[in-house]
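Before any comments, here is the structure.
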Amino acid sequence: MTWETVASRSSPVNTRTLCFVNGADIRTTSRAQRKERTRQALMDVTLRLITQRSLASISLREVARAAGIVPTAFYRHFESIDALGVELVDESMRPLRQMIRDTRRTSAANDDIIRATVQILGQQVRDNPAQFRFLSRERYGGVRPVRRAIATELRLFTSELAIDLARMTAGFDLTSDDLERSANLMVSAMLATVMELLEVDKRHVQDEQVILDRAEWQLRLIVLGLSLWHSAGPSLQER
């Protein structure tokens, strides 16, 4: 039964009946949608408020006022500003990790994966500068729960990249530690790239491509170095 069918009947229809459309309570659906919109608004205004500030410098009341809700309503969505910050970390990192994960599945050649990864990184920073500024600022100087959340995301990113490297360097004399450390080196290179991209003057867009080309070269150099590494050989001091 649809809403139109019910509404077209000439006989009186009680309010309770009208609240159900195809078995779903439209009042509940509307509440859920409104709650999600408010939750998203709280995260969006927080990103705007911390454009030039740290998360620790803003108050719950300030965020609630900017989102157009009373302070007590904030707690319907987040336990604290710190909890909101942790959610922002997830919202910022999850799409990047998913896009790179999808690239692994669709790119056959190693160079394709490296190039695609760098281009995805550049696009994400270009589309979401506020999120990446937030991550960069809070990684070391933020509140502890947010720092931990960022560290966890980076560890996940590094672990997934190590799996990629294991496939890309199949047949090489490498241990899991070699792969993990190399993945960590690549993540550090990408984090440095993010910082550079955030400082690019929009009037000189060609500078962005220079940064991305350099990042691609760095990642390829790391993979090349892995091809020459022998874990079972003498230590660097003995060579």
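Here's a check for you: in the range 72-129, which residue that is in contact (Cβ under 8 Å) with a residue 24 or more places away in the chain, open to solvent by less than 30 Å² (accessible area, probe 1.4 Å) and small (Gly, Ala, Ser) is farthest from ILE150 (Cα to Cα)? Selected residue: ALA73. The sole residue among VAL146, VAL118 that is aliphatic (A, V, I, L, M) and modelled with pLDDT of 95 or more is VAL146. Within the range 190-215, being of a type outside the set (A, V, I, L, M, F, W, C) and surrounded by 13 or more Cβ atoms within 10 Å (Cβ to Cβ) holds for THR193, GLU196, ASP207, GLU208, ARG214. How many residues are basic (Lys, Arg) and farther than 17 Å from ASP112 by Cα when one looks only at the range 205-229? Number of matching residues: 0.
Screening the range 155-188 for residues that are modelled with pLDDT under 90 and open to solvent by 70 Å² or more (accessible area, probe 1.4 Å) and picking the one that is nearest to ARG94 (Cα to Cα) gives ILE163.
The rows are residues; the columns are (1) at pLDDT 80 or above; (2) surrounded by 12 or more Cβ atoms within 10 Å (Cβ to Cβ).
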| site | (1), (2) |
| --- | --- |
| VAL6 | no, yes |
| LEU18 | no, yes |
| ASN22 | no, no |
| ARG48 | yes, no |
| ALA56 | yes, yes |
| GLU62 | yes, yes |
| GLY68 | yes, no |
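The values are calculated or read from the model by the stated rules, or taken from the named source; none is laboratory data. Please read these numbers as outputs of a predicted model, since none were measured by experiment. All Cβ positions, even for glycine, are placed from backbone atoms using ideal geometry, and neighbour counts span all protein chains on display. We work out accessible area using only protein heavy atoms, side chains counted, and drop any ligands, DNA or RNA first. Shrake-Rupley method; radii C 1.70, N 1.55, O 1.52, S 1.80 Å.
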